[in-house]
Amino acid sequence: MIPRLLHLFRPRRGGRGRPIPAGLGRDPALRPGGGAGRPLWREGRTVLLALMLCGVLAGRGLDAWVAATVLPVTLAETSVEIRDRNGRLLRAYPVDDGIWRMRVTLAEVDPDYIDLLLAYEDKRFWQHPGVDARAMLRAMGQALFHGKPVSGGSTLTMQVARLLEDGSTGRWAGKLRQMRVALALERRLSKAEILTLYLTHAPFGGNLEGVRAASFAWFGKEPQRLTTAQAALLVALPQSPEGRRPDRSVGARERAQAARHRVVARGIAAGLLEPEAEALMAGARMPQARRDFPLLAPHLGDDLRARAPAQGRFDVTLEAGLQGRLQEMLQRSIDGQGARLTGAILVADHRSGEILASVGAAEYTDTARRGFVDMTRALRSPGSTLKPLVYGLAFDEGLVHPDTVIRDAPVSFGGYAPQNFDGLYRGDLRVREALQMSLNTPVVTLTEALGPSRLMAALRASGMAPELPGGKAGLAVSLGGIGVSLRDLVQLYAVLAGGGRGPLLFDHSIGTGETAQVISPVAAWYLGDILRDLPVPQGSKAGVLPYKTGTSYGHRDAWALGWDGRHVIGVWLGRADGTPVPGAFGAELAAPLLFQSFALLKPEPEPLAPPPPNALILGAAELPQPLQRFRARDEVFSGEGGGAPEVVFPPAAARLALGEGGLVLKLRGGRLPFTVLANGVPVARGLKAREVELASPGPGHAALVVIDADGQSARVTIEIEEAG
C-alpha cells in the first residue's frame with residue numbers, strides 16, 4: 001500500500017522520458033525552514049508520510065515505534081562562563097571545536113523574541129505532539145498551487161531533532177527520522193525543555209550556535225531585552241545562517257533585512273506587534289560586523305578554569321561595570337608610555353574581603369607587554385609600601401608616637417648603611433613627617449629596634465605570602481628587600497584599613513577567612529591619620545584618602561595603595577619582565593591611577609572611622625617623656641647613638657649649691673666633640689667625653705647650651721647658689 005501511495009508523488013514522464021512541465025521542477029528560491037530547490041514530489045512524499053503517521057496516532061504500532069526510538073544526546077557542551085556578582089558575563093570560552101554555544105534558559109531570553117519565533121516558525125508549538133499535520137498539509141497545498149515550495153512544515157521540535165543529529169532536511173528518510181525523533185522528544189521532554197534545546201543549538205552563522213551567543217556576537221548584549229528589530233533578525237537568521245550573515249556582504253545584509261521584514265509582518269498578522277512596527281524596520285540598524293565577546297578579568301577566568309576544569313560556570317565577587325571601566329582607564333593611561341609598560345589594579349571591600357575588580361594587565365592580548373601574565377599575583381619588590389606596617393608595630397611596642405621626634409641621619413648596622421632615596425638627611429623631625437616623606441633611615445632604625453623577624457611575622461599574620469631571597473630576613477625587608485604581590489599588598493592595606501584586623505581577600509576557589517590582629521586599632525588609626533595628609537595628585541581632593549606610594553630599586557616597580565571607610569585599592573605599574581622603567585616613581589605614575597580608580601568606584605570616598613577612645617592625640621611637648629624622642633634600646637644604657645645631644649645632669653630648672661668644686665655636666669646622644677656655652681659664652685671646646693667638670697659660671701641663673709659635631713644642640717637653665 002505505502003509503495004503505491006509514494007508512487008503518486010514521483011515525477012511523471014511524458015513520451016521519450018521527458019518530464020511533464022507542470023511546475024514540478026527544481027526552484028532555486030530559499031524558503032523558511034531550509035531545503036531550497038527540492039523536487040515537489042519529495043515534498044509530497046514527506047507530507048504523505050506525515051499524514052500516514054498522524055492518521056495512526058492512536059494505533060499501537062506507531063506508539064511502539066516511537067517508544068523504541070534511540071534519542072540523540074541532548075546534553076551538549078556549552079561555553080565555560082565567568083559571571084560577576086550580579087550574574088553579568090565577564091568572560092566565556094568557546095567549546096572544544098571552536099563553537100560559541102552558550103547555556104541558556106527561557107528566563108534569560110526576551111519573551112517578545114520567543115513569541116515572534118513561535119509565530120513565525122511553529123505557531124502550534126504548545127499543542128502539537130512534535131509533528132504538525134496541519135502545517136504539513138498547508139505546505140503541500142501551497143507547493144501544489146504555486147508549483148514550488150513556499151513554506152515548510154517542520155516544527156521546532158523537528159528542527160531540534162535535526163540539530164541534535166546534524167541530519168539532512170532534504171531526503172525523505174532524513175525527514176522521517178526527524179519526525180520519529182520529534183515524537184519521541186515530546187514524550188520524554190517538556191515543551192520548555194525542547195524550546196530551550198532550540199535556543200541552545202540553533203545556527204546563527206559561522207561558529208555561532210544558540211541565541212545567547214548570537215545576541216552577544218551581533219548586538220553585544222544578553223538576549224533578555226531585545227528591540228523588535230533585533231528579535232526579528234534573530235528569528236530570521238537560523239533559516240539561512242550563512243546566506244543571511246550581515247557581516248558577509250551587502251547582498252547578505254539585504255537578504256537578512258528582507259527576512260527581518262517578513263518576521264515582523266508575521267508578528268503584526270499574529271497581533272504581537274503594532275502595524276507601525278513594519279515601517280520602523282526601514283530605519284532599524286543592521287549589524288555589519290560581529291562584536292567581540294566580553295573579555296573582563298581574563299586572568300581570573302584562566303585561573304579559575306585551570307583550578308576546576310570540569311566546572312561550567314563560575315560566579316565571582318567582581319562587578320562587571322567597574323572591571324570594564326578600570327581596564328579601559330589603565331589601557332588609556334599607558335598608551336604612548338613605551339611598548340612594554342603594563343600595570344595592574346586590585347579593588348577590594350576591606351569589610352567583607354570581596355574583590356570587586358582585578359585587572360591583571362593593561363592589555364590581555366598584547367604579547368609585547370606580556371599581557372597574559374597576571375601581575376596581581378606576580379612577585380615584585382614592594383619598595384616603601386611596607387613602611388606603614390613598621391611604624392604601626394613601633395606604635396604598639398611603645399617605641400614611638402606619631403609626634404615623637406626621630407632622627408634622620410646616616411646610620412650603620414653591622415655594615416648595612418641605608419640611605420634615603422634622594423641621598424639627603426633631614427635631622428630631627430616627627431615620626432609622622434618621616435613616614436609622610438618616606439625616609440629610609442628612620443624606618444630601618446625602627447626595624448632594627450623591632451627585629452626583622454617581628455616584621456615578617458606581622459606580614460604573614462596579615463594574610464600575605466612574602467618570599468625572602470636567601471631565606472633570612474634582614475633590615476632591608478622594610479625597604480622592599482622581599483618578594484610580594486599586588487594581592488599581598490592589598491591584603492595588608494585591608495588590614496590597616498580595618499583597624500589592624502580584617503577578612504582575608506576572597507579566594508574564589510576556597511572562599512575567605514579572617515586574619516590575626518596584626519596591629520592595634522589605635523596604631524591603625526594613627527597610620528590613617530598620618531597618610532591621609534600626604535600631597536595628592538593634581539585635581540584630587542586632599543585629606544580624605546590615606547595612601548602610600550612606593551618605588552622599587554632601579555625603578556622597576558611603581559606602587560600606590562590607599563583606602564577609605566569601605567574599600568581598598570592597589571595599583572602597580574612596571575614591566576612584566578622585571579626590567580627597569582627609567583624615571584618611574586610611584587607618586588608620579590601610580591598615585592594618579594589610584595585616585596582615578598576611587599573616582600571610578602564611587603562619587604565620593606566613604607569617611608574613615610573616628611579615633612579610638614584610647615588614642616593619644618597630643619603634641620610632642622605633651623607626650624610622656626619616653627615618647628618625646630626616639631632612642632634605640634641600647635642607646636639608653638650606653639649613652640651613645642644618634643640623635644641630638646641631651647643634658648642628663650643637671651636637669652632643667654635644678655637649683656645647685658656649689659662649693660669649691662666646679663659644675664659636673666653629664667651628656668647623652670649627639671656626636672663628639674662637644675662645645676659648651678654658659679650664658680652665651682664658650683666655657684669648653686672640643687670635649688670628647690660625655691661627663692666633664694666645668695668651672696662654675698657663678699651664682700644666679702645660668703643657661704647652658706651643648707652643641708655637638710653636627711651642630712645639634714641641647715639647652716637647660718639652672719640656678720646656682722653660693723655655698724653657705
Answer rounded, prolate or oblate for segment 387-461, using the Cα gyration tensor with square roots of eigenvalues a ≥ b ≥ c: rounded when a/c is under 1.5, else prolate when a/b is larger than b/c, else oblate. oblate
About its Cα centre, the chain carries a charge dipole, from +1 on Lys and Arg Cβ atoms and -1 on Asp and Glu Cβ atoms, whose size in debye to the nearest 20 is 5640 debye
Once both axes come from the Cα atoms, what is the angle between helix 440-450 and the longest principal axis of the chain, in degrees from 0 to 90, rounded to 10? 80 degrees
Give the residue from Y547, L356, H299 lying farthest towards the positive end of the charge dipole for segment 297-630; charges sit on Cβ (+1 for Lys and Arg, -1 for Asp and Glu) and the dipole is referred to the Cα centre. H299
How far, in degrees from 0 to 90, does helix 320-334 lean away from the longest principal axis of the Cα atoms of the chain, to the nearest 10? 60 degrees
Each label sits 7 Å from Cα toward the beta-carbon; between E719 and A269 the label points are separated, in nm, by 11.6 nm
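What percent do you get for the relative contact order of the chain when only Cα pairs under 8 Å and 6+ apart count?
Here the relative contact order equals 9 percent.
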Could you please report the charge total around Q628, scoring K, R as +1 and D, E as -1 over all other residues with beta-carbon less than 11 angstrom from its beta-carbon? 0
Is the C-alpha gyration tensor of segment 656-700 telling us rounded, prolate or oblate? Criteria: a/c under 1.5 is rounded; beyond that, a/b larger than b/c is prolate, otherwise oblate. prolate
Calculated Cα extents along the principal axes in Å (choose from [x] 133, 58, 52; [y] 151, 65, 51; [z] 157, 48, 46), label: [z]
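So, counting K/R as plus one and D/E as minus one, what does the shell of residues with Cβ under 11 Å around R85 add up to?
-3
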Helix axis angle, 387-396 relative to the chain longest principal axis, alpha carbon, degrees: 60 degrees
Relative to 2.2 N^0.38 Å, what does the C-alpha radius of gyration of segment 179-285 come to as a ratio? Two decimals please. 1.15
Counting other beta carbons within 10 Å of each residue's own, what order do H128, H701 fall into, fewest first? H701, H128
Net charge near H299, counting Lys/Arg +1 and Asp/Glu -1 over other residues with Cβ under 9 Å of its Cβ? -2
Dividing the convex hull volume of the alpha carbon atoms of segment 234-313 by its residue count, what do you get in Å³ per residue? 160 Å³
As I understand it, the dipole of the chain uses +1 on the Cβ of Lys and Arg and -1 on the Cβ of Asp and Glu, about the Cα centre. Which of L489, L379, Q178 lies farthest toward its positive end? Q178
Using a ≥ b ≥ c from the Cα gyration tensor of segment 500-546 (square roots of the eigenvalues), is it rounded, prolate or oblate, where a/c under 1.5 gives rounded and otherwise the larger of a/b and b/c decides, a/b for prolate? oblate
Theoretical gain in end-to-end length, V73 to A476 [0.36 nm per residue, Cα-Cα removed]: 138.8 nm
What is the order of S462, S412, fewest Cβ neighbours within 10 Å to most? S412, S462
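For every helix of n ≥ 4 consecutive DSSP H residues, a contribution of -39,500 (n - 2.57) applies; sum these over the chain, divide by its total residues, and give [θ] at 222 nm rounded to the nearest 500 deg cm²/dmol.
It lands at -10000 deg cm²/dmol.
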Note the count of lysine pairs whose C-alpha atoms are less than 25 angstrom apart in segment 297-630, limited to pairs 8 or more residues apart or on different chains. 5
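The numbers here are math on the coordinates, done by the rules we state, and not lab data. As the structure is a prediction and not an experimental result, all values here were calculated from the model. Glycine also receives a Cβ, built like all others from the backbone with ideal geometry; neighbour counts cover every protein chain displayed.
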